[in-house]
Amino acid sequence: MKAINETHDPALKSWIESAESRDSDFPLQNLPLAVFRRKGKVEAFRGGVGIGDQILDLGATANTGVLKGDAAIAAAACGASELNSFMAMGPKFWSALRLALSRALREGADAQAALSGCLVAQADSEYDVPARIGDFTDFYTSLFHATNIGAQFRPDNPLLPNYKWVPIGYHGRSSSIRVSGDTFPRPIGQLRAADVEQPQLGPCQRLDYELELGIFIGTGNERGQPIPIGEAESHVFGVCLLNDWSARDIQAWEYQPLGPFLSKNFASTLSPWIVTMEALAPYRVPFSRPAGDPSPLPYLDSAQMRESGAFDIHLEVSLETAHMRKHGRPAVRLSTTSYRHAYWTIGQMVTHHTVGGCNLRAGDLLGTGTLSGPSLDQAGALIELTTGGKRALSLPDGETRTYLEDGDAVIIRGRCEKQGAARIGFGECRGTVLPALPLWHP
Ligand code: CA
């Protein structure tokens, strides 16, 4: 599953013309999954695969009889309104479906006639969260993010001593996770000004985004049976874009001693598309640590992980203000970075999460934490880009931002490209901040 195979061949072409466009996120080598339905129709959400500007309806594909064996079983499971059953099937079925679809969607495939009727235009579709997310765990895997944030609170000692030993994380909230296109009211919570003793209830004044990747668990583990590092990735179904919105002022007051609560639980936004681990195989890179840093403890270390446990996924965040939208201006890019800079890998997150006996289940979501790169212009949150709100960003037409304002839309995109491999993308993850709801006064 980790190896490069015929499905990654950059020379492959599809009979779906839009998949051959140079800037398409979804060429034949990608085949990401989503849950979709046609807009404005009374019909159920179901699983589909992105190809060019189309979605191949997988339940309908199963009904054509074109797919055989494990691939047919897998496609039928994807006909459900959540991908959990397919995710739970494991790499053998994920891979069988990928190979069968790669062959059926290739130029000259016999299946073209049967599958043409299973296509729905992405432009005519809407999406749902692709799985029933039982549990959401948010990690903190960017050393650069941890250091930038730490420096604002503890200039002399930005990085706590556990950081290079423990993949830090906390248990989040799954009920408020939505899919791209999400809108939500500015959160309300307790705020306390620096020079005042009593906090007030009010709308967040320091609303931020967090550029993250979401990791969907495929096959889970039994409680009390940790997943060894050598098997960790085979439990991972795929990766999506994640914006884990954060209320920095609420967080500053509430986070001690147990960590964030209302500052993180009001909204998280996912891209609809999950790019599978197999699709990501060509873009693996070695996992290494700066010279002088401690090696991970043995349960978090392996030769395979050092050789190819990280991924070069280019990420970018853009901001579209209400003013830009009104005047037809394009969104402005705030930063770019790569997932290759993360300090802890996907495999390490899975193994550490389970080492104490915790069981993961199909559809569980792990967040990578804010993915900031080594330089400040590669930061994945406004709190870093604006140095805690002290340095406003200049936007076109004289607009400025320290934190997000009502009407702001944040757009995350991701892509992988490499010499000798196809360029694949993640689509987009867009969310828009609405005004706070009228305050409730007891
Ligand atoms: Ca987060």
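Filter segment 65-78 for residues that are of a type in the set (A, V, I, L, M, F, W, C) and either surrounded by fewer than 20 Cβ atoms within 10 Å (Cβ to Cβ) or at pLDDT below 95 (or both) and give the result. Let's see the steps before the verdict.
If we filter segment 65-78 for residues that are of a type in the set (A, V, I, L, M, F, W, C), which is where we start, we get 66-67, 71-78.
Once the filter is applied, which keeps residues that are of a type in the set (A, V, I, L, M, F, W, C) and either surrounded by fewer than 20 Cβ atoms within 10 Å (Cβ to Cβ) or at pLDDT below 95 (or both), segment 65-78 yields Ala72, Ile73, Ala76.
One line per residue, one yes/no per condition, for (1) open to solvent by less than 10 Å² (accessible area, probe 1.4 Å); (2) within 16 Å of the ligand (Cβ to nearest atom):
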position	(1), (2)
Gly369	yes, yes
Asp377	no, no
Gly389	no, no
Leu395	no, no
Glu399	no, no
Ala409	yes, no
Gly425	yes, no
Review point. Of all residues in segment 260-278, which are more than 16 Å from the ligand (Cβ to nearest atom) and more than 15 Å from the chain's Cα centre (by Cα)?
Key: Glu278
**Study point:** Gly363 vs. criteria away from the ligand (no atom under 16 Å from the Cβ) and within 23 Å of the chain's Cα centre (by Cα)
**Key:** yes
Exercise for review: Return the only residue of Phe139, Phe153, Phe184 being aromatic (Phe, Trp, Tyr) and open to solvent by 60 Å² or more (accessible area, probe 1.4 Å).
Suggested key: Phe153
Check your understanding: Got at least one residue in segment 135-148 being out of contact with any Ser or Thr (no Cβ under 8 Å at 6 or more places or on another chain), farther than 30 Å from Arg340 by Cα and touching a residue at least 40 places away in the same chain (Cβ under 8 Å)?
Key -> no
Study note, to complete from the structure: Within segment 88-135, restricting to residues that are among the basic types (Lys, Arg) and under 21 Å from the mean Cα position of the chain (by Cα), the one that is surrounded by the most Cβ atoms within 10 Å (Cβ to Cβ) is Arg98
Exercise for review: Answer yes or no: is there a residue in segment 126-148 that is under 22 Å from Pro32 (Cβ atoms), touching a Leu at 6+ places or on another chain (Cβ under 8 Å), in a strand (DSSP E or B) and away from the ligand (no atom under 16 Å from the Cβ).
Suggested key: no
Review point. Among the residues of segment 156-173, which ones are open to solvent by 40 Å² or more (accessible area, probe 1.4 Å), more than 12 Å from the ligand (Cβ to nearest atom) and under 21 Å from Ser338 (Cα atoms)?
Key: Lys164
**Study point:** Single residue of segment 206-231 satisfying the filter (within 16 Å of the ligand (Cβ to nearest atom) and not hydrophobic (A, V, I, L, M, F, W, C)) that is farthest from Glu428 (Cα to Cα)
**Key:** Arg206
**Study point:** Criterion violated by Ser81 - all others in (1) open to solvent by less than 40 Å² (accessible area, probe 1.4 Å); (2) outside any helix (DSSP H, G or I); (3) hydroxyl-bearing (Ser, Thr, Tyr) satisfied
**Key:** (1)
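Rundown of residues vs (1) at pLDDT below 95; (2) aliphatic (A, V, I, L, M), yes/no style:
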residue	(1), (2)
Val42	yes, yes
Gly50	no, no
Asn63	no, no
Ser81	no, no
Leu99	no, yes
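In segment 316-329, is there at least one residue being of a type in the set (D, E, K, R), in contact with a Leu (Cβ under 9 Å, 6 or more places away or on another chain) and under 17 Å from Cys416 (Cα atoms)? First the steps, then the outcome.
To start, the set of residues in segment 316-329 that are of a type in the set (D, E, K, R) comprises 316, 320, 325-326, 329.
In the following step, the residues that additionally are in contact with a Leu (Cβ under 9 Å, 6 or more places away or on another chain) were identified as 316.
From what is left, the residues that are under 17 Å from Cys416 (Cα atoms) are 316.
Checking segment 316-329: at least one residue is of a type in the set (D, E, K, R), in contact with a Leu (Cβ under 9 Å, 6 or more places away or on another chain) and under 17 Å from Cys416 (Cα atoms).
Could you go through segment 433-440 and let me know if any residue there is surrounded by 18 or more Cβ atoms within 10 Å (Cβ to Cβ) and either touching a residue at least 24 places away in the same chain (Cβ under 8 Å) or in contact with an Asp or Glu (Cβ under 7 Å, 6 or more places away or on another chain) (or both). Let's see the steps before the verdict.
Of all residues in segment 433-440, those surrounded by 18 or more Cβ atoms within 10 Å (Cβ to Cβ) come to 433.
Restricting the remaining residues to those that are either touching a residue at least 24 places away in the same chain (Cβ under 8 Å) or in contact with an Asp or Glu (Cβ under 7 Å, 6 or more places away or on another chain) (or both) gives 433.
Among the residues of segment 433-440, at least one is surrounded by 18 or more Cβ atoms within 10 Å (Cβ to Cβ) and either touching a residue at least 24 places away in the same chain (Cβ under 8 Å) or in contact with an Asp or Glu (Cβ under 7 Å, 6 or more places away or on another chain) (or both), which makes the answer yes.
Please indicate, with yes or no, whether at least one residue in segment 290-310 is under 22 Å from the mean Cα position of the chain (by Cα), open to solvent by 20 Å² or more (accessible area, probe 1.4 Å), in the same structural domain as Val166 (by TED's automatic domain parsing) and away from the ligand (no atom under 16 Å from the Cβ). Walk me through it before giving the result.
The initial filter retains those residues of segment 290-310 that are under 22 Å from the mean Cα position of the chain (by Cα), namely 305, 308-310.
If we keep only those that are open to solvent by 20 Å² or more (accessible area, probe 1.4 Å) too, we end up with 308.
Within this subset, residues satisfying the condition of being in the same structural domain as Val166 (by TED's automatic domain parsing) are 308.
Subset that is away from the ligand (no atom under 16 Å from the Cβ): 308.
Taking every residue of segment 290-310 in turn, at least one turns out to be under 22 Å from the mean Cα position of the chain (by Cα), open to solvent by 20 Å² or more (accessible area, probe 1.4 Å), in the same structural domain as Val166 (by TED's automatic domain parsing) and away from the ligand (no atom under 16 Å from the Cβ).
The values are calculated or read from the model by the stated rules, or taken from the named source; none is laboratory data. Just so we're clear, the structure is a prediction, and the values are computed from it rather than from any experiment. Reconstructed Cβ throughout: ideal geometry from the backbone, glycine too, with neighbour counts over all protein chains shown. Only protein heavy atoms, including side chains, enter the accessible area calculation; ligands, DNA and RNA are left aside. Shrake-Rupley method; radii C 1.70, N 1.55, O 1.52, S 1.80 Å.
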